[in-house]
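J.: Just passing along the structure, written as structure tokens.
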Amino acid sequence: MKLDVEILRYLSKDDFRVLTAVEMGMRNHEIVPAELIDRIASLKHGGTYKVLKNLLKHKLLHHDSSKYDGFRLTYLGYDFLAIKTLANRGVIASVGRKLGTGKESDIYEVAAEDGTVFAMKLHRLGRVSFRAVKSKRDYLRHRSSFNWLYLSRLAALKEFAFMKALEENGFPVPKAVDCNRHCVIMSLVQGYPLVQVKELQNPETVFETILGIIVRFAEHGLIHCDFNEFNIMIDDEENVTVIDFPQMVSVSHRNAQMYFDRDAECIFKFFRKRFNLSFQENTDDNDGSDVDTDEVVWPSFSSISKTAGFLDKELAASGFTRKDQEDIDKFIEEGVEDTGSDREETEDEQFTESRESNIKGLNSLRVEEQLSSIASSERLVVDIALSVGTEKQ
Ligand code: ADP
Ligand code: MG
């Protein structure tokens, strides 16, 4: 999907007010009735339907009239709400080229007013694993908010919280700058994913550094769970930066040993294949305890001393709650069973089922609060400094 932020220039305060109204309606409706959008937005001079048409034209909304006349946000619509909020906060002022498409995200270069360049990760949880979501309808049915908006927001919040905590504990990770909805702003890593690196001056040193990070994660009570050549960045000085944290788990997880070994195995395998490093095999009788050479051995999960409570203490303080953790873990674990590509699945197929529920919970004071936070400028300050228009996707 192309993130054509040029459109942002032409969206008015009313456009954003209506877009926000749809977002709010989606808390308890997959498809928000047009009439409800009109009520939430309560535009001073009316005209909600005209605005809806404009938002539809720009693909910020999707129209669904299969059961009743209603709308839902598209990824693009959700992106715009997050970008607009971050722009209003003064965190970013321009969106540039795409840096990467991950399994469950799109990453763009963005810049602040003073020219500082950051990376912006837009989470798309539910894109790849949507089949898993569908197969778990029973579970999801009991949680009306369990849709991609919720999951993507949770993934962003988790990533932001973990990145911050890891950085504060001296791990080589990007600096977490800000977070809104499904969007995380972080420092730009100068370097390339390890998968693209064909040659290293000191492969042994890099290998040991990376393995050391896995062990240090565990000492701090954490396992990365997707620790591989796609999520490790290397710069020209062969410094290592680890990225991508939404799937991290605690060492107290029931499958911790398996996740830990899997992370380690990815690294051993990759270095063996790409850089011809040779290692002692991971066998049952090799727990690293009787090493008499300086040859690298498989790190032993059980003999790592873990600092209890790292997750609880530091992450609870960040706003990422235990309930959030449980919700996202459940989704991610279910998604693991389904690694087939769902990329062909279009957004339109994602919401085939509409869910009605009452809207009594909509507190008008909170509606106003939310709206005022995005309505502070008539026109968005996002400036298209870089080459968004020429990007192909
Ligand atoms: P996913 O969770 O979808 O796998 P990642 O966080 O791994 O997303 O990011 C996908 C790609 O985007 C990475 O492989 C990398 O090339 C690029 N990327 C991610 N974060 C940064 C960053 N902070 N600086 C530079 N490039 C990044
Ligand atoms: Mg990744």
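J.: In what order do VAL189, VAL117 fall by count of nearby beta-carbon atoms within 10 Å, going from fewest to most?
T.: Ranked by crowding around the Cβ, least crowded first: VAL117, VAL189.
J.: How large is the dipole of the stretch 1-110 about the Cα centre if only Lys and Arg carry +1 and Asp and Glu carry -1, each at its Cβ, rounded to the nearest 20 debye?
T.: Using Cβ point charges on Lys, Arg, Asp and Glu, the stretch 1-110 gives about 220 debye.
J.: Could you run the Karplus curve 6.51 cos²θ - 1.76 cosθ + 1.60 with θ = phi - 60° over the stretch 175-190 and give me ³J(HN,Hα) per residue in whole Hz, x for Gly and Pro?
T.: Working through the residues one at a time gives 7, 6, 9, 6, 8, 8, 6, 9, 10, 10, 9, 9, 5, 7, 7, 7 Hz.
J.: Taking only C-alpha pairs under 8 Å that are 6+ residues apart, what is the relative contact order of the stretch 38-118 in percent?
T.: Relative contact order for the stretch 38-118 comes out at 15 percent.
J.: So which of LYS121/LYS158; LYS121/LYS164; LYS103/LYS273; LYS13/LYS57; LYS67/LYS330; LYS269/LYS306 end up more than 20 Å apart, counting from Cα to Cα?
T.: Those over the limit are LYS103/LYS273; LYS67/LYS330; LYS269/LYS306.
FYI, it's all coordinate maths here, none of it is from the lab. Being a predicted model, the structure only gives us computed values, none of them experimental. Every residue, glycine as well, gets a Cβ built from its backbone with ideal geometry; the counts of neighbours run over all protein chains shown.
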